[in-house]
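Below: the structure, in structure tokens.
Only the coordinates and a few stated rules stand behind these numbers; no lab work does. Please read all numbers here as calculations on a predicted model, not as lab measurements. All Cβ positions, glycine included, derive from the backbone under ideal geometry; neighbour counts span all protein chains shown.
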Amino acid sequence: MSITATLFALAAVVLAPSSQRYQDCIALVETDIDRGRAAAQQWADEGGGANAQHCLAIADIAAGFAKLGASRLEQIAQRKDAGDDFIRARLLSQAASAWLEVGEVDLAQAAINAAFELAPGAGELYLTAAKVYAAQEKWLQVVATVQTATQSGFVSADTYVLSGRAHIALGDYVAAADDVVEALTLEPTNIGALVLRGEIQQTGVAIDVYYDDPPEKNKLGK
């Protein structure tokens, strides 16, 4: 995941309760990273609490300081004003993603493990877990976590691509092709899925993706 993608992933999940100042802080980070980071730092210095720290963590990551952002997210998860266990688990999941940005896989694994301890039933955590396992080339775990996330109602094109890569590593090109179909159905322009589609087709496995409703057969089934 790129730094920009991480920024949007973090900004999409707001601490509770969020404030207008938090929303304004995030918006400023998105439009002007340097000014946004300075504003977040000032707000944090004023005692803005978990919301201010969260905005600052996002600004850190957007500015290229993913290690600092990851550490800050883990610290926020320990704060009493961060929210309930589910919110704190989300923060740790975000920290895991940030650690992956800088190749700190062991720290990412520790963060996502801690997230599951807080909220073992949170299906969205499996999306992050799949990325952590992929970074370790634990392909069976990648497939299992993507399936669990899907069963819990959480899907993304990127994680289907990870599952496809895992299936290829395990020698199951047909299952990988199914993952590509799922990924492109969700996001037709996903680069990872398009690249994977080409690689699979070169092995002789056909992949048909319908972005609208599939064409209906006629009454004779021809």
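A Förster distance of 35 Å, applied to the separation of the beta-carbon atoms of residue 199 and residue 117, puts the FRET efficiency at 0.40. Nearest 10 degrees is fine. How inclined is helix 125-135 to the longest principal axis of the chain, computing both from alpha carbons? Helix 125-135 sits at roughly 70 degrees to that axis.
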